[in-house]
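Student: Here's a structure for you.
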Amino acid sequence: MKIKENIHIIVFASVGFLILYTFLAPRSLSTELQLTPQWTTSIFQENQGTGNTSATQIPFQLGQNMGYFTQDGQITMMESYPFHATISPEYRATYAPDSTRIPVYQVSTPVEAGQPDFYLEGAGFPFFADDRLYLFGPGGYGVSQYSKEEGKLWQFEHAAPIVTFSSSEAGAAIGYADGTVFIFSSTGELVQTFEPGGSTYPIILGTALSPSGNQLACVSGIDQQRFVLTQQRNGVNKVVFHTYLGKNQREPVLVQFSKDESMVFYASGTGIGIVDCTLLKTKELPLKGNILAIEECNENGLICVLTKDSGRYNIYLIETNGTLIGSFGFKAAAAFINVTDGDLYVGRDTKISKIDLTRK
């Protein structure tokens, strides 16, 4: 049940910031969820670089600005960039479209250092996932994985362009425009080639490889578009569940496993689909806008979903059983969400806010 539309920028107001679960869902529960504001800070605050660098560094990217902040609201690094950038909890990089040698900085390296920690030797577009470094080649047909110590670890190219990419501790999955998914181990070995099929026009619009590598999920095809879940049986991923979607999506979509791999989430075209990977059952919830991010809050049995509908962002709070608790929204040019240690962090243009999520 959604909060009333007239609450527009509830996570950024200086007063009236407290949201109680009582207003989100009137149903009777043994506990209620309370959203309590902790702080709001500007990414341009003057104390940047003076925070506790031994604390957890949470990455952010808002418009043409990126950096790190701590759980107590200190901006430990902020950098503006003219073209493109990528950032993870471990590394960051800025680059131009014609870059042929991309400088990479570790989280602990300040902007003022000037000298990068190392380079990605090659042209293309970098993507960082935690401590894993990837470089997509010009034209979008291939990808390489790098390490700080050894440089390029492996490379793969295909005849069709890449549409979607997923990385986990177990390896990587690459979805191509011709409807093929290539699955790689953490060492770059090609484990399996998979073609979901079942649609008039084959294309992989979204894919996810589970943390263990034992499960793969994807949204594929146009005209009878469907979600497909595979699980590893005798060393081979086999389809164990699929469902057709009610709406054809024609752009890359988000697919994501829960950290414990018990569930997988996917953009259904009209909202979010949640699949129980054991019972092999799905539940769909209607949401407004395109799904941009899904963050788990295991401490409270929640997932937080960020969507964008034109110039409006919405944040939905959903129980892991598929029950929508509530939502709130705001207008912004850029936004992000992050959940760390049970707390929700919301970024909006040049502000970041911390919200405590507590069941009482």
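The values are calculated or read from the model by the stated rules, or taken from the named source; none is laboratory data. What you are looking at is a predicted structure, and each value in this text was computed from that prediction instead of being measured. Positions of Cβ are generated from backbone atoms using ideal geometry, with glycine treated the same way; all protein chains shown enter the neighbour counts. Side chains are part of the model used for accessible areas, which takes the heavy atoms of the whole protein and leaves out ligands, DNA and RNA. Shrake-Rupley method; radii C 1.70, N 1.55, O 1.52, S 1.80 Å.
Student: Can you name the residue in the range 308-360 that is part of a strand (DSSP E or B) and of a type in the set (D, E) and is also nearest to S88 (Cα to Cα) among such residues?
Tutor: D343
Student: Return the pair list, or none, for Cβ contacts closer than 6 Å from residues in the range 102-118 that are closer than 21 Å to F69 by Cβ and touching a residue at least 12 places away in the same chain (Cβ under 8 Å) to residues that are outside any loop (DSSP other than H, G, I, E, B) and basic (K, R), at least 6 apart or on different chains.
Tutor: Y105/R92
Student: Here's a follow-up. Is one or more of the residues making up the range 264-287 more than 30 Å from P202 (Cα to Cα), open to solvent by 20 Å² or more (accessible area, probe 1.4 Å), of a type outside the set (D, E, K, R) and within 19 Å of the chain's Cα centre (by Cα)?
Tutor: No: zero hits.
Student: Here is a follow-up. With the requirement that a residue be more than 22 Å from the chain's Cα centre (by Cα) and either under 17 Å from Y176 (Cα atoms) or open to solvent by less than 20 Å² (accessible area, probe 1.4 Å) (or both), what does the range 138-153 give you?
Tutor: Matches in the range 138-153: P138, G139, Y141.
Student: If you take the residues of the range 266-291 that are touching a residue at least 40 places away in the same chain (Cβ under 8 Å) and assigned to a strand (DSSP E or B), which of them is nearest to A172 (Cα to Cα)?
Tutor: Of everything passing the filter in the range 266-291, Y266 is nearest to A172 (Cα to Cα).
Student: Please go through the range 87-126 and give me each residue that is over 25 Å from F165 (Cα atoms), open to solvent by 50 Å² or more (accessible area, probe 1.4 Å) and of a type in the set (V, I, T), ordered by number.
Tutor: Scanning the range 87-126 gives a single hit, V111.
Student: Mind listing whichever residues of the range 307-335 are farther than 20 Å from S258 by Cβ and of a type outside the set (G, A, S)?
Tutor: Selection gives K308, D309, R312, Y313, N314, F328, F330, K331.
Student: Turning to a different aspect of this structure: Right, Q224: of a type outside the set (K, R), open to solvent by 20 Å² or more (accessible area, probe 1.4 Å) and in a strand (DSSP E or B) or not?
Tutor: no
Student: Quick one: G198 ticks every box in (1) in a strand (DSSP E or B); (2) touching a Lys or Arg at 6+ places or on another chain (Cβ under 7 Å) except a single one, so which number is it?
Tutor: (1)
Student: Now for a separate question. Could you list, in sequence order, the residues of the range 235-278 that are more than 20 Å from I222 (Cβ to Cβ), in contact with a strand residue (DSSP E or B) (Cβ under 8 Å, 6 or more places away or on another chain) and among the polar types (S, T, N, Q)?
Tutor: N237, Q256, S258, S262
Student: Let me ask something else. Among the residues of the range 72-86, are any open to solvent by less than 20 Å² (accessible area, probe 1.4 Å), polar (S, T, N, Q) and outside any strand (DSSP E or B)?
Tutor: No; the residues of the range 72-86 include none that is open to solvent by less than 20 Å² (accessible area, probe 1.4 Å), polar (S, T, N, Q) and outside any strand (DSSP E or B).
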